[in-house]
Amino acid sequence: MHAFFDTRRRPALVWIGLALVAAALIALPWALAGIGTAWVRITNLAVLYCFLALGLNIVVGFAGLLDLGYIAFYGVGAYVYALLASPQFGIHLPFWVILPLGALLACIFGMLLGAPTLKLRGDYLAIVTLGFGEIVRIFLNNLSTPFNLTNGPQGISLIDPFRLDGLSFAGTQHVLGHALSSPIKYYYFLVAVLLVVIVVNVRLQNSRIGRAWEAIREDEVAARAMGINTRNMKLLAYAMGASFGGIAGGMFSAMQGFISPESFVLVESIMVLSMVVLGGMGNVFGVVIGALLLSYIPEVLRYTVGPAQQAVFGRTLIDPEVFRMLLFGLALVLMMLFRPAGILPSAVRKRELEQDSADGQ
Amino acid sequence: MASDAGTAGELLVARDIGKRFGGIAALSDVSFSIRRGEIYGLIGPNGAGKTSLFNVLTGIYTKDSGTFVFDGAPLDDLKPDEVAERGIARTFQNIRLFANLSALENVMVGRHVRTHATVIGAIFRGRRTRDEERAIRRRSIELLDYVGVRRRANDLAKHLAYGDQRRLEIARALATDPRLLALDEPAAGMNATETAGLRSLLESIRRDGTTILLIEHDMKLVMSVCDRVLVLDYGKKLAEGPAAEVQKDERVIAAYLGGDVSLNLKGT
């Protein structure tokens with residue numbers, strides 16, 4: 001972990017900090033449940049968006065390949081889970097089998113998208129990836145005939161929740177006198193996976209592979225001249241990014257219990273891309289902050305704008321839905337003006353020379 | 001050229017290299033050979049085909065005809081990354097650093113081709129990966145020190161002074177452990193002091209066993225540092241030989257000063 005936490009210099013402080021963060025993460029759902037269970041669900045969705053943003057960050061932030069069809073991989077993961085754990089085909093595999101399968105299939109789709117786009121960049125790459133995202137959605141919409149694979153626009157319902165040795169993630173259980181509701185159980189699972197995903201991302205970035213991606217982002221010709229096989233590295237970026245999307249999709253399926261192609265539209269791709277850009281392309285923690293902000297702000301507005309208008313004018317003048325898109329747009333414009341590189345720009349990790357040479361020798 | 005491939009003394013042998021862009025012959029039938037341990041100059045007026053020759057050699061362009069033999073084995077139809085792996089590293093005429101990476105990271109990228117960590121290794125960060133990372137970093141710092149930009153190690157490449165960027169590009173190329181270092185106008189835009197520093201850097205690179213192919217317009221530098229020189233003009237070989245001899249070649253003078261001028265000079 002000391003790739004990003006300097007545990008050597010101030011070990012005590014770091015451990016106290018980590019303990020505080022852990023305590024906060026453990027306590028958070030109970031605090032949120034006090035306001036309303038809806039907020040725990042919103043938090044869970046926010047964490048899913050973190051997965052998506054982190055996955056897309058590998059492709060866009062690290063390797064610099066603009067991908068406007070990223071949500072397709074989310075869809076692939078979601079449908080893999082839905083088809084293998086629902087009455088659709090009467091198959092009910094356990095989640096720890098399906099999630100890796102979904103990741104694998106999304107990974108294959110990632111390479112399928114990557115292969116024909118290797119020589120494209122900029123606008124052209126954006127258009128092709130956008131088309132890819134739409135193709136996947138349209139397939140999901142239409143694969144109900146001649147053979148009913150996806151059940152078309154009706155979507156798939158009654159998807160199994162996670163089950164582990166008789167512990168079902170659906171419904172409420174009582175553990176040591178506390179009521180563990182379904183969203184709280186998912187919350188703990190999601191946060192645990194999120195921590196793993198963050199560590200994986202940080203380690204990838206600080207590795208030979210991550211440096212090769214960043215070199216491609218900065219200058220592809222120079223990267224090749226330095227001996228980087230840009231084809232393989234780009235495919236790898238697509239594959240890694242897509243598999244994170246696939247895992248997130250599987251978890252989405254299980255949490256919602258129902259999915260339809262409606263959930264995997266272009267606007268979702270754009271939303272995830274906005275999270276990456278807002279947070280700071282290429283900065284893992286920035287991207288997490290971006291995802292959390294763009295997930296929470298609309299919900300906070302939804303719950304405050306309506307009542308506020310009621311209180312002031314006695315009636316709702318502007319539909320909260322319209323209002324939040326307006327504020328959302330304003331926020332993005334202000335961001336671009338004042339922090340164009342994102343909330344946490346991809347800062348160069350300060351590498352202390354003295355310490356390095358001490359390490360080296 | 002009567003040069004035989006595979007001779008112990010020759011690192012790179014080029015035979016009849018040709019490259020056309022549409023109707024224009026950027027290179028036609030260019031042959032030359034570079035000996036191990038020498039600094040080999042490549043000069044010629046603007047548009048003579050020097051950079052084209054670099055691009056053909058390093059696989060950025062595919063050549064239309066001819067062969068390269070590098071270190072006894074043919075170097076044909078390889079992609080740029082494969083050429084780098086075979087041991088030819090280059091710099092660019094218009095500096096192409098990874099602008100938003102630190103100087104140190106730029107050099108570390110150069111180690112890519114000589115290291116092995118995979119995705120799995122990177123994620124689990126086992127002992128082997130950690131050792132390799134440490135070695136990459138140690139070597140990269142050494143190289144920064146070697147070219148004299150260690151004090152800027154943590155600064156973004158784009159924030160370095162021009163001369164330092166040129167040096168950093170050389171360090172990045174050296175990080176790939178090349179046997180042939182191809183430099184495209186490394187002294188361009190440098191002042192006299194910086195050029196003098198560059199000359200001693202080139203000499204120490206040669207002393208440490210790396211052969212250098214040098215495109216350069218600064219004749220003072222070429223003449224003082226190069227063992228032999230190849231002169232290109234309109235994509236053709238005009239002359240090849242020791243720097244001092246080439247300097248006196250009438251055709252070379254004509255190419256540089258313009259035919260009329262040299263005729264006039266002759267007349268007087």
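Looking only at residues in the range A:211-228 that are farther than 18 Å from B:Leu174 by Cβ and more than 7 Å from every other protein chain (Cβ to nearest Cβ), which one is surrounded by the most Cβ atoms within 10 Å (Cβ to Cβ)?
A:Trp213
Got at least one residue in the range A:180-191 being surrounded by 18 or more Cβ atoms within 10 Å (Cβ to Cβ), within 14 Å of chain B (Cβ to nearest Cβ) and within 23 Å of the chain's Cα centre (by Cα)?
no
Does at least one position in the range B:144-153 carry a residue that is surrounded by fewer than 20 Cβ atoms within 10 Å (Cβ to Cβ) and at the interface with chain A (Cβ under 9 Å from one of its Cβ atoms)?
Within the range B:144-153 (the criterion being surrounded by fewer than 20 Cβ atoms within 10 Å (Cβ to Cβ) and at the interface with chain A (Cβ under 9 Å from one of its Cβ atoms)), the answer is yes, since at least one residue qualifies.
Here are the criteria: (1) modelled with pLDDT of 90 or more; (2) closer than 30 Å to B:Gly9 by Cβ. Tell me which single one B:Ala244 does not satisfy.
Exception for B:Ala244: condition (1).
Going by the conditions given, is B:Thr210 within 26 Å of B:Phe98 (Cβ to Cβ), more than 14 Å from chain A (Cβ to nearest Cβ), surrounded by 17 or more Cβ atoms within 10 Å (Cβ to Cβ) and not hydrophobic (A, V, I, L, M, F, W, C)?
Considered against the rule, which asks whether it is within 26 Å of B:Phe98 (Cβ to Cβ), more than 14 Å from chain A (Cβ to nearest Cβ), surrounded by 17 or more Cβ atoms within 10 Å (Cβ to Cβ) and not hydrophobic (A, V, I, L, M, F, W, C), B:Thr210 comes out as yes.
Out of all the residues in the range B:40-55, is one or more buried (at least 16 other Cβ atoms within 10 Å of the Cβ), modelled with pLDDT of 95 or more and among the aromatic types (Phe, Trp, Tyr)?
The answer is yes; a qualifying residue exists.
For the range A:81-92, indicate whether the set of residues that are buried (at least 24 other Cβ atoms within 10 Å of the Cβ) and not in a helix (DSSP H, G or I) is non-empty.
Checked against the condition, which is being buried (at least 24 other Cβ atoms within 10 Å of the Cβ) and not in a helix (DSSP H, G or I), the range A:81-92 yields at least one hit.
Look at A:Ser263 and say whether it is modelled with pLDDT of 90 or more and among the hydroxyl-bearing types (Ser, Thr, Tyr).
Criteria met by A:Ser263.
When you go through B:Ala187, B:Ala196 one by one, which is the residue that is outside any helix (DSSP H, G or I) and of a type outside the set (S, T, N, Q)?
Exactly one of B:Ala187, B:Ala196 is outside any helix (DSSP H, G or I) and of a type outside the set (S, T, N, Q), namely B:Ala187.
Is there a residue being in a strand (DSSP E or B), within 13 Å of chain A (Cβ to nearest Cβ) and closer than 22 Å to B:Gly9 by Cα anywhere in the range B:35-42?
There is no residue in the range B:35-42 that is in a strand (DSSP E or B), within 13 Å of chain A (Cβ to nearest Cβ) and closer than 22 Å to B:Gly9 by Cα.
In the range B:154-179, which residues are more than 13 Å from chain A (Cβ to nearest Cβ) and not in a loop (DSSP other than H, G, I, E, B)?
Answer for the range B:154-179, where residues must be more than 13 Å from chain A (Cβ to nearest Cβ) and not in a loop (DSSP other than H, G, I, E, B): B:Tyr162, B:Gly163, B:Asp164, B:Arg166, B:Arg167.
Looking only at the range B:98-141, count every residue that is of a type in the set (A, V, I, L, M), more than 7 Å from chain A (Cβ to nearest Cβ) and touching a residue at least 40 places away in the same chain (Cβ under 8 Å) and tell me the total.
Residues in the range B:98-141 being of a type in the set (A, V, I, L, M), more than 7 Å from chain A (Cβ to nearest Cβ) and touching a residue at least 40 places away in the same chain (Cβ under 8 Å): 2 in total.
Can B:Thr58 be described as in contact (Cβ under 8 Å) with a residue 40 or more places away in the chain, touching a strand residue (DSSP E or B) at 6+ places or on another chain (Cβ under 9 Å), more than 14 Å from chain A (Cβ to nearest Cβ) and more than 19 Å from B:Val222 (Cβ to Cβ)?
Taking the combined requirement at face value, the residue does not satisfy it.
Could you say which residue among A:Leu83, A:Leu105, A:Leu112, A:Leu93 is at pLDDT 95 or above and either of a type in the set (Val, Ile, Thr) or out of contact with any Gly (no Cβ under 6 Å at 6 or more places or on another chain) (or both)?
The conditions single out A:Leu105.
The values are calculated or read from the model by the stated rules, or taken from the named source; none is laboratory data. Because the structure is a prediction, the values reported are computed rather than measured. All Cβ positions, glycine included, derive from the backbone under ideal geometry; neighbour counts span all protein chains shown.
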